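K.L.:
Submitted below is the structure of interest, expressed as structure tokens.
The values are calculated or read from the model by the stated rules, or taken from the named source; none is laboratory data. On a predicted model such as this, the values are computed, not experimentally measured, just so you know. With ideal geometry, Cβ positions are generated from the backbone for all residues, glycine too; neighbour counts draw on all protein chains shown.
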Amino acid sequence: MEIKYLFLRAIAVLFEIVGWLILILGMLSTLLFVASTGAIDLGALAGRLPLGLFWQQLGLPKVSAWAAAGVTGLTSLLSFLILCAIGEVTLLLLDIEEKTSETAHFLQPRT
């Protein structure tokens, strides 16, 4: 049978790709927030991170960096789950439509 709704399938895959990108970038930014607290020793890279200086210049405690890291991590994880679920549900609905069409084709009376 022919593949129908090719554009809708592409959008579903795009949702999943964007979900994975958000997860990866969110976890990297979470690590950078944690690194700005000084909990992770990054060696020479620590001097190049503007986040540590940003927290110090604002006079914010390290708890703020930990809170930002937690919010960033949870938000990226939740966004990943939602976007991947949307892509999977879209593909599921397309598969249901395909199987329903096949079943209707085979159940037609033969003359």
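K.L.:
If the Cβ limit is 8 Å and pairs must be 6+ apart or interchain, which residue in segment 80-101 that is surrounded by 13 or more Cβ atoms within 10 Å (Cβ to Cβ) pairs with which residue that is assigned to a helix (DSSP H, G or I) and of a type in the set (F, W, Y)?
P.N.:
Partner pairs satisfying both residue conditions: F80/W20; L83/F15; C84/F15; C84/W20; I86/F15; G87/F15; T90/F15.
K.L.:
To continue, here is another question. Can you tell me which residue within segment 62-79, out of those that are among the small types (G, A, S) and modelled with pLDDT of 90 or more, is surrounded by the most Cβ atoms within 10 Å (Cβ to Cβ)?
P.N.:
Only one residue tops the list, namely S76.
K.L.:
Something else now. Considering only residues of segment 1-30 that are without any contact (Cβ under 8 Å) to a residue 24 or more places away in the chain and assigned to a helix (DSSP H, G or I), which is farthest from T90 (Cα to Cα)?
P.N.:
Per the criteria, the residue is L28.
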